[in-house]
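In what follows, a structure is listed as structure tokens, so that the remarks can point back to it.
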Amino acid sequence: MNWDAFGAIAEMIGGIAVLVTLIYLALQFKQNSALLEQNNKTARQSILRSQTDRYIANAHFMAGDSGIMGIYLRAMDDPSSVTREEWWRFGSYMYGMFKDYEEMFLFDVEGQHGAHRWEHAKKDIVFYLSPPGGRTWWHSNGTKLLSPAFKDFVDDLIGEDKK
């Protein structure tokens, strides 16, 4: 056999092997991309479920304890009408809610949040910060306890609400 012919055959076999390898890698990449997308979707669903569970738990907590609900209503209407301890209870409740909103904000910034959920949450933020007690809590504690980016976002949101 001629060495040139042997070299050409070997080169052709090598080319076919490279082509088969590239096809295999492309298929693996496509499969891994689909798996990664499914994992991301599952993670987003888990986050949304967790947020929904916290919303429900929060509603049950408020509805199930008339003492806390009374404090909340008085603090929202007139912050000066509650005792120091009641103000701290109210503040703890507001802080917990706004940590959830801050998380939603950060997920939205990263493009990992459902637009429908975030639009609803923005309306909630305005709702909770519209009464005198909500606004007082925000200016006395919320702006100090939450991230600067979220604080700026909420301040802009409240400012838009005043128009």
Looking at the stretch 127-156 only, could you name the residues that are at pLDDT 90 or above, more than 17 Å from the chain's Cα centre (by Cα) and open to solvent by less than 30 Å² (accessible area, probe 1.4 Å)? Leu129, Gly133, Gly134, Trp137, Trp138
Tell me which of these Ile125 doesn't satisfy, since it passes every other one: (1) touching a residue at least 24 places away in the same chain (Cβ under 8 Å); (2) not in a helix (DSSP H, G or I). (2)
Hey, Trp88 modelled with pLDDT of 90 or more, at negative phi, over 14 Å from the mean Cα position of the chain (by Cα) and surrounded by fewer than 18 Cβ atoms within 10 Å (Cβ to Cβ) or not: yes
Please find, within the stretch 91-105, the residue that is nearest to Phe153 (Cα to Cα) out of those that are among the hydroxyl-bearing types (Ser, Thr, Tyr) and open to solvent by 60 Å² or more (accessible area, probe 1.4 Å). Tyr95
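Every residue, every condition in (1) among the hydroxyl-bearing types (Ser, Thr, Tyr); (2) in contact with a Pro (Cβ under 9 Å, 6 or more places away or on another chain); (3) surrounded by fewer than 18 Cβ atoms within 10 Å (Cβ to Cβ); (4) modelled with pLDDT under 90, yes or no:
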{"position": "Leu73", "(1), (2), (3), (4)": "no, no, yes, no"}
{"position": "Val109", "(1), (2), (3), (4)": "no, no, yes, yes"}
{"position": "His113", "(1), (2), (3), (4)": "no, no, no, yes"}
{"position": "His116", "(1), (2), (3), (4)": "no, no, yes, yes"}
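Residues Ile13, Ile9, Ile56: which one is open to solvent by 90 Å² or more (accessible area, probe 1.4 Å), part of a helix (DSSP H, G or I) and hydrophobic (A, V, I, L, M, F, W, C)?
Criteria check complete, one pass: Ile13.
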Every pair of residues 6+ apart whose Cβ atoms lie under 7 Å, when the first sits in the stretch 132-157 and is without any contact (Cβ under 8 Å) to a residue 12 or more places away in the chain and within 22 Å of Ala75 (Cα to Cα) while the second is aliphatic (A, V, I, L, M) and outside any helix (DSSP H, G or I): none
Can you tell me how many residues within the stretch 75-84 are open to solvent by 90 Å² or more (accessible area, probe 1.4 Å) and touching a helix residue (DSSP H, G or I) at 6+ places or on another chain (Cβ under 8 Å)? 1
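The values are calculated or read from the model by the stated rules, or taken from the named source; none is laboratory data. None of these values were measured; they are calculated from a predicted model. Glycine gets a Cβ as well: all are built from the backbone with ideal geometry, and neighbour counts include every protein chain shown. Side chains included, ligands, DNA and RNA excluded: accessible areas come from the protein's heavy atoms. Shrake-Rupley method; radii C 1.70, N 1.55, O 1.52, S 1.80 Å.
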